[in-house]
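Have a look at the structure below, then the notes.
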Amino acid sequence: MKQNNTFLLGIESSCDDTSVAILHNDRILSNSISTQKIHESYGGVVPELASRAHQQQIIPVVFDALKKANISMNQLDAICFTQGPGLMGSLVVGTSFAKGLALSINKPLIAVNHMHGHILAHFIDEGQEKPSFPFLCLTVSGGHTQIVKVESGLKMEILGSTIDDAAGEAFDKIGKILGLKYPGGPILDRLAQTGDATKFTFSKPNIIDFNYSFSGLKTSVLYFIQKEVKLNPTFIEENLIDLCASVQATILDILFKKLIKAAEFTGIKNIAIAGGVSANSGLRQRLKSEGDKRNWKVFIPKFEYCTDNAAMIAMAGKFKFDEGVFATQSVSANPRLNFNGND
Ligand code: KG4
Ligand code: ZN
């Protein structure tokens, strides 16, 4: 049952962002994020450095979130944290901190699945219309690509997922091939906006059911670039915006082919996107235009709730809080946490 006047603290530390948020009912009072810049020079997240940075950041970020929300620790009703999936060393920092904090203020602990957090971010109240159940959510992040049938805040089913790379991984790996900084996704998005998406064509996978594959695309871009650069060493510089636009269009075609198929199969017309890649401007526009054509009601998250953040963890925690689903002090971080929460 929906509980009123509750204050929840959420902690997200699954990858390279240390984030803490305070949720009052379904409104966000603060959402503090410390993004780790240290990984940029390595071209990807270095797990050991990430967990050390979380250790340094977690206490200042907790205090910052409480201060911005203008509440004290003992006003909190529960502590929510990301149990998994993610990087072990990073998850352990958030999990241990959450356990210690819950114990010290004698409040319940709520373990949240990171992917549920991305999906349930749609329920953070920003005055917008929220999806009604059931809805389909295309969840696209750096580690996952899934089509999820969401029946309630606690009941969700994966209809399809990637068999190799995630969509965000495809953006980042292809970005690297094109010489872009890490993470390549947002940079590729920006460059693609002025490019010609029809200039280059790349192979698309032929995978059964509602599943995805992105590793073939990455390889086809790599071979194409190697061949062209041999003929013309400045090929990338001369064609960068068109390459970005063509790659992005191919990724979007792949994503939408299966999303449309899943919508037709289930008959569900409430369609949402979530996860870091849902910040992609092409994806957001394409969802609107596909939605107009197919009579879908579409749900696009606010930018700040696309990439990793603790607001979504607190919101997912609220669904558990309302049903009295709490974790015990024996809970542990789980880098491969099952989608349905069983560790
Ligand atoms: O959800 P997220 O913050 O972290 C994970 O849970 O993985 O997603 C990060 C991913 C990265 O691969 C990043 O390149 C991608 O989201 N991303 C984007 C954009 N913004 C973030 N990809 C394409 N276009 C964007 N605008
Ligand atoms: Zn994420």
Subject >> Dipole of the chain, positive end: most advanced residue of 271, 214, 28 [Cβ charges, Cα centre] >> reply: 271
Original post:
How would you order 42-52, 77-87 from highest to lowest mean count of nearby Cβ atoms within 10 Å?
Top reply: 77-87, 42-52
**OP:** Note down the relative contact order for the stretch 203-343 as a percent, whole number, built from C-alpha pairs under 8 angstrom at least six residues apart.
**Re:** 17
**OP:** Could you work out how far helix 167-177 tilts from the main Cα principal axis of the chain, as a 0 to 90 degree angle to the nearest 10?
**Re:** 50
Original post:
Listing 156, 1 from the residue with the fewest other Cβ atoms within 10 Å to the one with the most, what is the order?
Top reply: 1, 156
Original post:
Got the relative contact order for the stretch 173-263 handy, in percent, Cα pairs under 8 Å and 6 or more residues apart?
Top reply: 41
**OP:** Take the alpha carbon atoms of the stretch 270-330, find their center, do the same for the stretch 123-187, and report the distance between the two centers in whole angstrom.
**Re:** 9
Original post:
Among 230-236, 176-182, what's the highest-first ranking by average C-beta atoms within 10 angstrom per residue?
Top reply: 176-182, 230-236
Original post:
Any idea what log10 I(q)/I(0) is at q = 0.17 Å⁻¹ for the stretch 219-343, Debye with uniform C-alpha scatterers and no solvent?
Top reply: -1.06
Original post:
Of the beta bridges DSSP finds with both residues in the chain, what % are antiparallel, to the nearest 5?
Top reply: 60
Original post:
Of 230/257; 181/269; 68/155; 176/258; 37/230, which pairs sit farther than 31 Å apart, going by alpha carbon to alpha carbon?
Top reply: 230/257; 181/269; 68/155; 37/230
Original post:
Dipole size in debye (nearest 20) for the chain around its Cα centre, Lys and Arg Cβ +1, Asp and Glu Cβ -1?
Top reply: 300
Original post:
Relative contact order for the chain: what is it in percent, counting Cα pairs under 8 Å that are at least 6 residues apart?
Top reply: 25
**OP:** Sum -39500 (n - 2.57) across every DSSP H segment of at least 4 residues in the chain, then divide by the residue count to get the 222 nm mean residue ellipticity, nearest 500.
**Re:** -14000 deg cm²/dmol
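Coordinate-derived values only; no laboratory data. Please read all numbers here as calculations on a predicted model, not as lab measurements. Here Cβ is always computed from backbone atoms with ideal geometry, including for glycine, and neighbour counts include all displayed protein chains.
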